[in-house]
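Novice: Here's a structure for you.
The values are calculated or read from the model by the stated rules, or taken from the named source; none is laboratory data. All figures in this text were calculated on a predicted structure; none of them were measured in a lab. For neighbour counting, all protein chains shown are included, and Cβ atoms are generated from backbone atoms with ideal geometry for every residue, glycine included. For accessibility, only protein heavy atoms count, side chains too; no ligands or nucleic acids. Shrake-Rupley method; radii C 1.70, N 1.55, O 1.52, S 1.80 Å.
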Amino acid sequence: MSCFPASLVRMTTETNQTNDTNETNRATRRTPNPTPHPTPIPADSLRGRICLVAGATRGAGRGIAVQLGAAGATVYVTGRTTREKLSEVGRATETIEETAELVTAAGGEGIAVPTDHLEVDQVKALIDRIDRERGRLDVLVNDVWGGEHLLVFGDKTWESDLAGGLRMLELGVRTHAITSHKAIPLLIRNRGGLVVEVTDGTAEYNGTRYRENLFYDLAKNAPIRMAFGLGKELEEYGATAVSVTPGWLRSEQMLTAFGVTEENWRDAVEKIPGFAIAESPVYVGRAIAALAADPERHRWNRRSLSSGQLAGEYGFTDADGSRPDAWGFMLAEEKGSPDVNDYR
């Protein structure tokens, strides 16, 4: 999953068309990252926990998988892009094998399982394998997406490409429903399980704002309702379901679109000032790890949460030591011209 606020999506095309930034100016305004702060999530807090991050090839999914691993978890990571085969997204630079290796390097155990979550038999085989190898599932993260290449903003519904819109719903909604249907019976075998629906936007923000494209709006509001409904059904089993959104996510695709890297991402701020509040995938990863490690996480059941909100609750930071609050910034931006430093 990648978070694409509309203002950033509009600017993406312009950025790609005018990506001839003066290197001298870039050098003079480049500033170093703040001193990194260690996450307060203990390294072994999830040791022995079995997690599944569905859709962990890149972006938020990869960040979540790695941070669960950093807390000691065993993490099954799935996706369609492998070292032998590309998905329709068309990016060979990130694979599920690489994600699994990053999980292991972080201190956990990463296991890559190529899976198309639209194929029921493949998802069933994945869950059967987890059951056979581990006998339990403690955390399910539904992060499957892969619809970035289908995003078109501004067209009316009847002017949109219907096939592309329906594909977006398949990738962002149907995959989540199939995965939950097949995985939750294993998750509720033991009390205390956690289901996380990853999306774009909080219930507060999305509830009164149209996300500019009907199909995208549906695809990103559905996981919020899924968590709300699943949380109701899971209560009697002692399990918890929440939806979590990152803010302006510096995913690999977003960085490429703006012609920057994680090392010099601030160079894009000149053209897109709001990008100053962007966050790395580490941030939402730490949010999910903190939730999974919290023995009182059920207090969040059925809630819509953000990485910034959870950072304020649990005290973790982004990789650079900052604590972005993108959704708070966007709400404030509608009322005036907030200082981005107040939200980072």
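Novice: So if I check each of Thr245, Thr240, Thr317, Thr208, which one is surrounded by fewer than 18 Cβ atoms within 10 Å (Cβ to Cβ) and of a type in the set (Val, Ile, Thr)?
Specialist: Only one candidate qualifies: Thr208.
Novice: Now a separate question. So, Ala219, is that one buried (at least 24 other Cβ atoms within 10 Å of the Cβ) and under 14 Å from Trp145 (Cα atoms) or not?
Specialist: The answer is yes for Ala219.
Novice: So, one more: Can you work out which of the residues in the stretch 257-274 that are surrounded by fewer than 17 Cβ atoms within 10 Å (Cβ to Cβ) and modelled with pLDDT of 90 or more is farthest from Gly285 (Cα to Cα)?
Specialist: Here the answer is Gly259.
Novice: Let me ask something else about it. I'm checking my understanding of the structure. Among residues of the stretch 56-78 that are touching a strand residue (DSSP E or B) at 6+ places or on another chain (Cβ under 6 Å) and closer than 19 Å to His149 by Cβ, which one is surrounded by the fewest Cβ atoms within 10 Å (Cβ to Cβ)?
Specialist: Only one residue fits best here, namely Thr57.
Novice: Can you run down the residue pairs with Cβ atoms below 6 Å, 6 or more apart or on separate chains, where the first is in the stretch 318-339 and under 16 Å from Arg250 (Cα atoms) and the partner is outside any helix (DSSP H, G or I) and of a type in the set (Val, Ile, Thr)?
Specialist: As it stands, the answer is Gly321/Thr35; Arg323/Thr317; Trp327/Thr202, since those pairs meet every condition given.
Novice: Separate question: How many residues are closer than 12 Å to Ala54 by Cα and in contact (Cβ under 8 Å) with a residue 40 or more places away in the chain if we restrict to the stretch 68-78?
Specialist: Kept after step one, since they are closer than 12 Å to Ala54 by Cα, are these residues of the stretch 68-78: 75-78.
Still in the running and in contact (Cβ under 8 Å) with a residue 40 or more places away in the chain: 76, 78.
Going through the stretch 68-78 one residue at a time, the tally reaches 2.
Novice: Could you please find all residues in the stretch 190-205 being on the phi < 0 side of the Ramachandran plot, surrounded by fewer than 18 Cβ atoms within 10 Å (Cβ to Cβ) and touching a Gly at 6+ places or on another chain (Cβ under 8 Å)?
Specialist: Within the stretch 190-205, just Arg191 meets the criteria.
Novice: Follow-up question, since we're still on this one. For the stretch 119-131, how many residues meet the condition of being open to solvent by 20 Å² or more (accessible area, probe 1.4 Å) and in contact with a Ser or Thr (Cβ under 9 Å, 6 or more places away or on another chain)?
Specialist: Here the count works out to 2.
Novice: Residues of the stretch 277-310 being farther than 11 Å from Val244 by Cβ, open to solvent by 10 Å² or more (accessible area, probe 1.4 Å) and not in a helix (DSSP H, G or I), which ones?
Specialist: Result: Asp294, Pro295, Glu296, Asn301, Arg302.
Quick grid of which residues meet (1) at pLDDT 95 or above; (2) in contact with a helix residue (DSSP H, G or I) (Cβ under 6 Å, 6 or more places away or on another chain); (3) not acidic (Asp, Glu):
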site	(1), (2), (3)
Val66	yes, yes, yes
Thr74	yes, no, yes
Glu98	yes, no, no
Ala106	yes, yes, yes
Glu109	yes, no, no
Ala112	yes, yes, yes
Thr115	yes, yes, yes
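The rows are residues; the columns are (1) closer than 19 Å to His176 by Cβ; (2) more than 18 Å from the chain's Cα centre (by Cα); (3) among the polar types (S, T, N, Q).
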{"residue": "Leu218", "(1), (2), (3)": "yes, no, no"}
{"residue": "Glu236", "(1), (2), (3)": "no, yes, no"}
{"residue": "Val242", "(1), (2), (3)": "yes, no, no"}
{"residue": "Thr256", "(1), (2), (3)": "no, no, yes"}
{"residue": "Phe275", "(1), (2), (3)": "no, no, no"}
{"residue": "Ala290", "(1), (2), (3)": "no, no, no"}
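Novice: Same structure again: Does the stretch 132-148 contain any residue that is open to solvent by less than 10 Å² (accessible area, probe 1.4 Å), within 22 Å of the chain's Cα centre (by Cα) and among the charged types (D, E, K, R)?
Specialist: yes
Novice: Filter the stretch 79-104 down to the residues that are aliphatic (A, V, I, L, M), open to solvent by 20 Å² or more (accessible area, probe 1.4 Å) and in contact (Cβ under 8 Å) with a residue 24 or more places away in the chain, then identify the one that is nearest to Glu133 (Cα to Cα).
Specialist: Only one residue fits best here, namely Leu102.
Novice: I've got another one for you. It is to be established whether one or more residues within the stretch 331-342 are crowded, with 18+ Cβ neighbours inside 10 Å, small (Gly, Ala, Ser) and either in contact with a helix residue (DSSP H, G or I) (Cβ under 9 Å, 6 or more places away or on another chain) or at positive phi (or both).
Specialist: No, the stretch 331-342 contains no residue that is crowded, with 18+ Cβ neighbours inside 10 Å, small (Gly, Ala, Ser) and either in contact with a helix residue (DSSP H, G or I) (Cβ under 9 Å, 6 or more places away or on another chain) or at positive phi (or both).
Novice: What number of residues in the stretch 149-168 are in a helix (DSSP H, G or I) and buried (at least 17 other Cβ atoms within 10 Å of the Cβ)?
Specialist: From the stretch 149-168, those in a helix (DSSP H, G or I) are 149-150, 157-159, 162-168; that's our starting set.
With buried (at least 17 other Cβ atoms within 10 Å of the Cβ) added as a condition, the list becomes 150, 165, 167-168.
Final tally of qualifying residues: 4.
Novice: Among the residues of the stretch 132-147, write down those that are in contact (Cβ under 8 Å) with a residue 60 or more places away in the chain and out of contact with any Ser or Thr (no Cβ under 8 Å at 6 or more places or on another chain).
Specialist: Kept after step one, since they are in contact (Cβ under 8 Å) with a residue 60 or more places away in the chain, are these residues of the stretch 132-147: 134, 136-147.
Once the filter is applied, which keeps residues that are in contact (Cβ under 8 Å) with a residue 60 or more places away in the chain and out of contact with any Ser or Thr (no Cβ under 8 Å at 6 or more places or on another chain), the stretch 132-147 yields Arg136, Leu137, Asp138, Val139, Val141, Asp143, Gly147.
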